[in-house]
Amino acid sequence: MAAPLDLPVAALAAAVKKGDVSATELARGALERIREKSALNAFLHVSEAPVLAAAAEVDRKRAQGEPLGPLAGVPIAVKDALCTTDAPTTCGSRILTRRGPDGRPGGAAAGWCPPYDATAVARLRAAGALLVGKTNMDEFAMGSSGENSAFGPAKNPVDPTRTPGGSSSGSAVAVAGGMASASLGSDTGGSIRQPAALCGIVGIKPTYGRVSRYGLVAFASSLDQVGPFARDVRSAAHVLSAISGADPRDSTAAALPAGDYAGACERDVKPLRIGVPEEYFAEGLDPDVAERVRAAIAALEREGCAVRPVKLAHTHYGVATYYIVATAEASSNLARFDGVRFGLRIEPERASLVQMYGATRDAGFGAEVKRRILLGTYVLSAGYYDAYYKKAQQVRTLIRRDFDDAFEDVDVIATPTSPTPAFRLGEKVDDPLAMYLGDVYTLPASLAGIAGISVPCGTTKARADRPALPVGLQLLAPAFGEEKLLTVAAAVERLAAS
Ligand code: GLN
């Protein structure tokens, strides 16, 4: 039998309710795994005392016959971009961190400690989840490999010489490595879907507005979305149910109740029509990835789904459009880290206020964040605004319309999540453009604000230069179409296993 920690989320919560396993045992088990796998660098902070206290509270409630939440006793890890009252929030950046002697953020005093929980975090706590710690990430969620973390990259459990993807690297590794049953990440342009694909797990980018962004440190506010990772589709659906829904603290969170995500996983896939955009099978796509993705689509067709081509003509502009819109928004959002309101403080006797401002940013931000602030400031500046930012907004509309038109004919669109499987750490660090191009299949859905999921669909063939590596199938649905996504994803999971 699987160790309790490896059970799907619903089965684990049921086992806790029944008393087959205590929340305290689960918390200890997760902490033990995190220690055993510390070389994967998945966590920036482990919440040892708080998680044991939360587990004791679940066990007390059970002993006294009080009602338990739907995630009672389930160990969940949280990306370090989400505010938590019981652990520092560093966003993988030195600017929010006071370092210990080993250069890493240490105890609670070593990083910025927000006075509030993000809404998604508060909802997990209310559901009884055990928040085991904060996970490693590309600094301010900017990156696709985890290598922009100020604290060293997380490593792919399938092959630790390879990237787990990014920016939600640690959240994917924590789940793929069995250190947590599920985790939260954030996806601005693919940061949940791509690491899920590269680590062989499930990752959901909900529709923009499906999950509150309150307490998510902002990168690009018109794109950022919080979402879950899990090892199976149903587990991801359960976590999505817990975190979804309107929030008076985030006016962009839609005033819609959460859907029936668990129920959607059990529905018949046959009536759903699947669209396949040829633009997503273009040059640069790894042949093994293409083969696995096409095989998953063929299996859906054998199940009775109508599969037909769709046209997403502006796909090609996605990378350029995203890297203008996202950097423009980032340059505005990151202006708050000025060393006065947020950020590392330089001793006043060492600098004038003006120098202090410059020195703080220099000592605090890594190269990629600085590159993006510069790029974003440039595209918004007088004289360039119309040529770059305004043009990008216009193309964003065209990309959204492509999806609107395609969804007239199909329910769900199926594509590869990433053009390649996990690449080697170090392979693209010196070439930001090559790194940006790897986001080609995830960015358009972010620009359109629609729902997406990455679900495992097998592995590449082992070769002399690389082992068998996980491949992710990306499914996209219209805004608030998460239920359809989950129906198809659950079918893909079942067919891949058979
Ligand atoms: N890789 C993309 C970027 O670097 C997306 C990041 C994200 O989704 N947070 O911006």
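Key figures for this structure:
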{"item": "Any hit, segment 101-116, residues being part of a strand (DSSP E or B), over 15 Å from the mean Cα position of the chain (by Cα) and at pLDDT below 95", "result": "yes"}
{"item": "Hits in segment 135-149 (condition: surrounded by 24 or more Cβ atoms within 10 Å (Cβ to Cβ) and either part of a loop (DSSP other than H, G, I, E, B) or free of Cβ contacts under 8 Å to residues at least 24 places away in the same chain (or both))", "result": "Asn136, Met137, Asp138, Met142, Gly143, Ser144, Ser145, Gly146, Asn148, Ser149"}
{"item": "Pick from segment 395-445, criterion out of contact with any Lys or Arg (no Cβ under 7 Å at 6 or more places or on another chain) and of a type in the set (Ser, Thr, Tyr), ranking: farthest from Thr315 (Cα to Cα)", "result": "Thr420"}
{"item": "Checking Leu285 against (1) at positive phi; (2) surrounded by 17 or more Cβ atoms within 10 Å (Cβ to Cβ), the condition it does not meet", "result": "(1)"}
{"item": "Selected residue (criterion: surrounded by the fewest Cβ atoms within 10 Å (Cβ to Cβ)) from residues of segment 450-471 that are more than 19 Å from Thr207 (Cβ to Cβ) and under 19 Å from the mean Cα position of the chain (by Cα)", "result": "Pro470"}
{"item": "Verdict on Ala464 being over 27 Å from His314 (Cα atoms), without any contact (Cβ under 8 Å) to a residue 24 or more places away in the chain and either out of contact with any strand residue (DSSP E or B) (no Cβ under 7 Å at 6 or more places or on another chain) or of a type in the set (Asp, Glu) (or both)", "result": "yes"}
{"item": "Among (1) closer than 25 Å to Gly275 by Cβ; (2) within 16 Å of the ligand (Cβ to nearest atom); (3) crowded, with 20+ Cβ neighbours inside 10 Å - the single one Met435 does not satisfy", "result": "(1)"}
{"item": "Test for Glu278: is it touching a strand residue (DSSP E or B) at 6+ places or on another chain (Cβ under 7 Å) and acidic (Asp, Glu)", "result": "yes"}
{"item": "Meets criteria (crowded, with 24+ Cβ neighbours inside 10 Å and either in contact (Cβ under 8 Å) with a residue 24 or more places away in the chain or not in a loop (DSSP other than H, G, I, E, B) (or both)) for Gly165", "result": "yes"}
{"item": "Condition broken by Ala262, with the remaining ones in (1) outside any strand (DSSP E or B); (2) more than 16 Å from the ligand (Cβ to nearest atom); (3) closer than 23 Å to Tyr441 by Cβ satisfied", "result": "(3)"}
{"item": "Pairs with Cβ under 7 Å, 6+ apart, first in segment 173-196 and without any contact (Cβ under 8 Å) to a residue 60 or more places away in the chain and more than 16 Å from Lys134 (Cβ to Cβ), second among the β-branched types (Val, Ile, Thr) and more than 15 Å from the ligand (Cβ to nearest atom)", "result": "Ala176/Ile201"}
{"item": "Ala30 being in contact with a Gly (Cβ under 8 Å, 6 or more places away or on another chain) and of a type in the set (Gly, Ala, Ser)", "result": "no"}
{"item": "Residues of segment 176-220 that turn out to be part of a loop (DSSP other than H, G, I, E, B), within 12 Å of the ligand (Cβ to nearest atom) and at negative phi, as a count", "result": "8"}
{"item": "Verdict on Arg249 being of a type outside the set (Val, Ile, Thr), farther than 26 Å from Leu425 by Cα, within 16 Å of the ligand (Cβ to nearest atom) and part of a loop (DSSP other than H, G, I, E, B)", "result": "no"}
{"item": "Filtered residues of segment 161-175 (kept if of a type in the set (S, T, N, Q) and within 15 Å of the ligand (Cβ to nearest atom))", "result": "Thr163, Ser167, Ser168, Ser169, Ser171"}
{"item": "Residue in segment 473-493 that is among the charged types (D, E, K, R) and in contact with a His (Cβ under 8 Å, 6 or more places away or on another chain) present", "result": "no"}
{"item": "Spans of helices (runs of 4 or more DSSP H) in segment 408-498 with at least 1 residues polar (S, T, N, Q)", "result": "443-448, 482-497"}
{"item": "Residue within segment 444-455 that is at positive phi and away from the ligand (no atom under 15 Å from the Cβ) present", "result": "no"}
{"item": "Of the criteria (1) touching a Ser or Thr at 6+ places or on another chain (Cβ under 6 Å); (2) modelled with pLDDT of 95 or more; (3) surrounded by fewer than 24 Cβ atoms within 10 Å (Cβ to Cβ), which one Ala258 fails", "result": "(2)"}
{"item": "Number of the condition not met by Val58 [criteria: (1) in a loop (DSSP other than H, G, I, E, B); (2) in contact (Cβ under 8 Å) with a residue 12 or more places away in the chain]", "result": "(1)"}
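The values are calculated or read from the model by the stated rules, or taken from the named source; none is laboratory data. Since the model is a prediction, treat every value here as computed from it, not as a measurement. In this analysis, Cβ positions are derived from the backbone assuming ideal geometry, glycine residues included, and neighbour counts consider all displayed protein chains.
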